[in-house]
Structure formats: structure tokens, C-alpha cells
Amino acid sequence: AAMRHLPYFCRGEVVKGFGRGSKELGIPTANFSEQVVESFPSDISTGIYYGWACVGNGDVHKMVLSIGWNPFYKNIKKSVETHIIHTFKEDFYGEILSIVITGYIRPEKNFDSLEALISAIQEDIEEAKRQLDLPEHLKLKEDNFFHLPGGKIVNNH
Ligand code: ADP
Ligand code: MG
């Protein structure tokens, strides 16, 4: 069920998240606005995904993505957060983030400790890196979606 909507193409502005302290954990996540999240299929599974991401007209990088429940809305709305597997010199709030989600790793989980959470995310990142080197995922890195002129916002079409 998680795979039915993949590959999923999405473009939108990076907004301020809810300060869960992702960056302090060394795993910053670029959050999409509520409007962009609303444009996702309502039946898309929550959990951890991977794919490709590009900020503005920049390079295309590997990413891991979480589709989770948004605590700001008493967990009735989803949040979509992208951790790009690349070290950026500066934050990029307000920029247009383009992503293609190509695969699914696992459902959302609760962790007993911060250490357990961080090590699970590190494993997700390693899994994403491996999967994205496979031809069926690698080919989407070169998709025209990442090279469209202008900042037109097109979700899955
Ligand atoms: P917030 O709660 O505002 O989302 P985070 O701690 O999750 O704060 O940090 C996210 C921000 O960090 C992004 O919006 C982006 O501007 C910046 N950032 C820097 N490097 C990365 C990266 N590799 N992946 C995602 N975001 C990054
Ligand atoms: Mg975030």
C-alpha cells in the first residue's frame, strides 16, 4: 500500500517546522507547508521513504523522507519532512524543494531513547543510500522533473 503512489513527484516551499530539534540531532528535516502536504494522496502510508531531492536549481541529492502525524494538529494532519543526504553551507527556508519519492523503508515507530531514534535514522540513511544506487531508483535522479525551468509547483503531474 505504501508503494502504490510511487514514484511520487512533489515541489513546494520549505517552511519552518515545529522545532522538534532535528537539526540538534544532526538530522535537519526540511518541512513542506500544510498546503503541499494536503496535496498528497490522503491514503499514502505514514512512515520512512527515500528518494531524490533538489533545492532550487541546485544539484540532485539522495534523501530520506518522513511522512508522519503533525503534533500541531493533534495528529490528525500529516507532516512531510525531507532530510537531504548532503551538507549544506546555509539553511534554505523559503526555497523551492523538489523531490521524487522512489521507495519505502518502514512504518513510523516510537523509540525508548534518543539514542535508539538516532541509530534507527542512521540505518534508514544507509538503507536509502544503498537502494538509491540500484538502477530502478538511480534513473529517477536524471528525471526532467528536476530540470524544469522556473519554480512552477507541480505535484505529481
Ligand atoms: P524545522 O523544525 O524548522 O524544520 P530542522 O531542525 O528540522 O528545523 O531544520 C530544518 C532546516 O535545516 C531546513 O528547513 C533547511 O533550511 C536546513 N537544512 C540544512 N541542511 C539540511 C539538510 N541536509 N536536509 C534538510 N534540511 C537542511
Ligand atoms: Mg524539520
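State whether the residues of segment 108-123 include one that is within 16 Å of ligand 1 (Cβ to nearest atom), part of a strand (DSSP E or B), under 27 Å from Q35 (Cβ atoms) and open to solvent by 30 Å² or more (accessible area, probe 1.4 Å).
The first filter runs over segment 108-123 and keeps only residues within 16 Å of ligand 1 (Cβ to nearest atom), leaving 114, 117-118, 121-122.
From the residues that got through so far, the ones that are part of a strand (DSSP E or B) too are none.
No, there is no match, as no residue in segment 108-123 is within 16 Å of ligand 1 (Cβ to nearest atom), part of a strand (DSSP E or B), under 27 Å from Q35 (Cβ atoms) and open to solvent by 30 Å² or more (accessible area, probe 1.4 Å).
Residues in segment 44-86 that are over 18 Å from D124 (Cβ atoms) and more than 16 Å from ligand 2 (Cβ to nearest atom): C54, G56, N57, G58, D59, V60, K74, N75, I76.
Just one of the listed residues (Y50, Y8) is within 27 Å of L134 (Cβ to Cβ), at pLDDT 95 or above and in contact with a helix residue (DSSP H, G or I) (Cβ under 7 Å, 6 or more places away or on another chain), namely Y50. Note on segment 67-113: residues that are within 30 Å of N57 (Cβ to Cβ) and modelled with pLDDT under 95 total 4.
Quick check on I99: is it closer than 18 Å to E13 by Cβ and either in contact with a strand residue (DSSP E or B) (Cβ under 7 Å, 6 or more places away or on another chain) or open to solvent by less than 40 Å² (accessible area, probe 1.4 Å) (or both)? It would help to see each step written out before you state the result.
Working: closer than 18 Å to E13 by Cβ: yes; either in contact with a strand residue (DSSP E or B) (Cβ under 7 Å, 6 or more places away or on another chain) or open to solvent by less than 40 Å² (accessible area, probe 1.4 Å) (or both): yes.
So I99 fits the description; yes.
Table: residues versus (1) closer than 17 Å to I105 by Cβ; (2) over 11 Å from the mean Cα position of the chain (by Cα).
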| position | (1), (2) |
| --- | --- |
| F32 | no, no |
| E38 | no, yes |
| S42 | no, yes |
| G51 | yes, no |
| K62 | yes, no |
| F72 | no, yes |
| N75 | no, yes |
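The values are calculated or read from the model by the stated rules, or taken from the named source; none is laboratory data. Computed from a predicted structure; not experimentally measured. Here Cβ is always computed from backbone atoms with ideal geometry, including for glycine, and neighbour counts include all displayed protein chains. Only protein heavy atoms, including side chains, enter the accessible area calculation; ligands, DNA and RNA are left aside. Shrake-Rupley method; radii C 1.70, N 1.55, O 1.52, S 1.80 Å.
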